[in-house]
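Single-structure report; data block below.
The values are calculated or read from the model by the stated rules, or taken from the named source; none is laboratory data. Predicted model only: the values in this text are computed from it and were never measured. Positions of Cβ are backbone-derived with ideal geometry, glycine not excepted, and every protein chain shown enters the neighbour counts. Just so you know, the surface numbers come from the protein's heavy atoms only, side chains and all, with ligands and any DNA or RNA stripped out. Shrake-Rupley method; radii C 1.70, N 1.55, O 1.52, S 1.80 Å.
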Amino acid sequence: ECHVSPAGADESEREEPRTLPFPEGVPLPFEDVANTAGVTEPALLAWLFTTHPTMPNIVVTPQEARDIVAYILSLREEEL
């Protein structure tokens with residue numbers, strides 16, 4: 001629930017996508033993550049397996065991690 005776009009938000013209500021490095025402690029909608037220049041599959045995999053102080057420590061298998069990354073990248077609006 002932390003990384004989804006606010007329900008009912010249309011494009012006029014959304015903030016501009018943030019740029020790397022992302023602000024610590026601020027959950028970004030996965031669409032913003034996907035549409036940020038420099039976000040790649042290897043970068044997302046590294047991010048997923050890195051401890052985050054404000055995020056629960058979730059444990060996923062390597063395949064689940066690849067699936068999560070594929071989902072996030074599928075939200076990319078255009079080629080960056």
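For the reader, a short list of remarks on this structure follows.
- A search for C-beta distances below 8 Å between a residue of region 44-67 that is within 18 Å of residue 32 (Cα to Cα) and any residue that is open to solvent by 80 Å² or more (accessible area, probe 1.4 Å) and modelled with pLDDT of 75 or more, counting only pairs 6+ apart in sequence or on different chains, returns 45/66.
- One residue stands out in region 36-55 among those that are at pLDDT below 90 and polar (S, T, N, Q): the one that is nearest to residue 78 (Cα to Cα), namely 36.
- Filter result for the condition that a residue is at pLDDT 60 or above and surrounded by 12 or more Cβ atoms within 10 Å (Cβ to Cβ), over 72, 58: 72
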